Amino acid sequence: MDKQTVWLAIIAIGIGTFALRASFIELGGRFALPAPVTRALRFLPAAVLSAIILPAILRGTEGGLNFGIDNPRLIAGFAAALVAWKTKSVLATLAAGMGTLWAMQALI
Amino acid sequence: MMDSMAKAERKDWIEGARVMLPLLPGAVPFGMIAGVVASNAGLDALAGIGQSIVVFAGAAQLASTQLIADAAPVLVVILTGLVINLRFAMYSAAMAGHLSALPRGRRWLVAYLMTDQSYALSILRYAARPEMGLPAKFAFYMGGAIPMWAVWLAATAAGYFLGNRIPASWSLDFFVPLSFLALIVPSIADRANATAALTGGAVAVIAWSLPFNLGLFLAALAGIAAGYAVERLFPAQGEPK
């Protein structure tokens, strides 16, 4: 992606994000999100982030998805998820994931 | 402005910074990863660090930078970043009742500096102290929001220059899903959120080969719908209020 396109993306996301952050504050509290929308938005982070995580750890070396135990990213992602669940520590999760990935890559 | 008022505001400002302090170290690894990933994606220093000023939203920066590295169409990059940031509209709605009466410049500062952390700390404080006036609410918010901004920017810059020295064979792009795992796994304690995460992940995998990152948008919709349905069907557990 060339420089101009990268900046186009950054500025568009920046303006859009500012608009989302300002939205209801600028409306002066005259309008509120309907309760069902607020409740639905609560699930957005879990749904979106997990939709980014799974394909990223299943990505095989040849471009497709690799569900096998010979996929270092899958094993490393699994180890990291376990550590995240047990420790709730960001650093421990990152260390477990990268450590496992590097160890698997060195072994395979 | 009256001196006594300024003094009271300063107290709220410091209090805002004090409660933010324990949350600042958590932003450092994410900021550094955003910088590392930006440099590995081939962004120059101005774009790699500048996006922390222009966008100032970690998860959106990580996901969009990864898509840039994968040479996704620019519209897909933009829409993905914005979908991740949709939650800010929800925060904005919750903050509106407290901060809408500020003058425009201050409202825009509040909006620009909004993060998961500054939103959560402020909304909790406003609920716990209904006697807080508008200047006190603003001061408390800014006291926490500005250090978070500074830490984020410094961490991205440090990560960017560190990332420049690390070869691509280290697979540093893997930090992106790992960061998201660290964010999301501890937060899916209730059944509805767990369902949203599992559904979103499963749909993303099934729809993986669809063009334009459509799988991600489908997964978001399906995950939200599933979480919402579980919450409606089993309201006894994980109810927010």
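So the values come out like this:
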quantity	calculated
B:ALA127-A:LEU82 pseudo-label distance in nm [points 7 Å out on the Cα-to-Cβ vector]	3.6
Estimated distance in nm for a label pair at A:LEU107 and A:SER89, the labels positioned 7 Å out from Cα along Cα-to-Cβ	2.3
Fraction in percent of alpha-carbon pairs per bin - 10 Å, region B:102-228	10, 24, 27, 30, 8, 1
Cα gyration tensor shape for region B:75-124, rounded if a/c is under 1.5, else prolate or oblate	prolate
Fewest-first ranking of B:TYR91, B:TYR141, using other Cβ atoms within 10 Å as the exposure measure	B:TYR91, B:TYR141
A:ARG59 long-range amide H proximity, modeled H, under 5 Å	A:ASN66
Relative exposure of A:PHE67, B:PHE138, judged by other C-beta atoms within 10 Å (fewest first)	A:PHE67, B:PHE138
Residues B:LYS7 and B:ARG191, FRET efficiency given R0 of 51 Å [Cβ-Cβ distance, rounded to 0.05]	0.60
Most mobile listed residue (A:SER89, A:SER23, A:SER50) in chain A, GNM with C-alpha springs under 10 Å	A:SER23
Residue-averaged [θ]222 nm for the protein assembly as shown, counting only DSSP H segments that reach four residues, each worth -39500 (n - 2.57)	-24500 deg cm²/dmol
Neighbour-count ranking [beta-carbon atoms within 10 angstrom, fewest first] of A:TRP85, B:TRP152	A:TRP85, B:TRP152
Choice from B:SER100, B:SER118, B:SER209 with maximal GNM fluctuation in chain B (Cα, 10 Å cutoff)	B:SER209
Under-5 Å amide H pairs with B:LEU210, H placed in peptide plane, nonlocal only	B:GLY215
For region B:43-121: rounded, prolate or oblate by the Cα gyration tensor [a/c cutoff 1.5]	prolate
Over chain B, relative contact order from alpha-carbon pairs under 8 Å, at least 6 apart, %	30
Ellipsoid equivalent to chain A - semi-axes via the Cα gyration tensor, in Å	36, 21, 13
Qualifying aspartates and glutamates (Cα of each under 19 Å from Cα of A:LYS88; at least 8 residues distant if same chain)	B:ASP116, B:ASP190
Residue-by-residue Karplus 3J(HN,Hα) for region B:80-87, coefficients 6.51, -1.76, 1.60, Hz, glycine and proline x	4, x, 6, 4, 4, 8, 3, 4
Nearest-0.05 FRET efficiency for B:ALA168 and B:LEU46, computed from C-beta distance (R0 22 Å)	0.55
Rg to Rh, two decimals, where the protein assembly as shown supplies the alpha carbon set and Rh follows Kirkwood	0.97
Size of chain B as Cα extents on the principal axes (Å, biggest first)	61, 51, 29
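The numbers here are math on the coordinates, done by the rules we state, and not lab data. Note that the coordinates shown come from a computational prediction; the quantities given were computed from them, not determined experimentally. Neighbour counts are summed over all protein chains in view; Cβ atoms, including those assigned to glycine, are modelled from backbone coordinates with ideal geometry.
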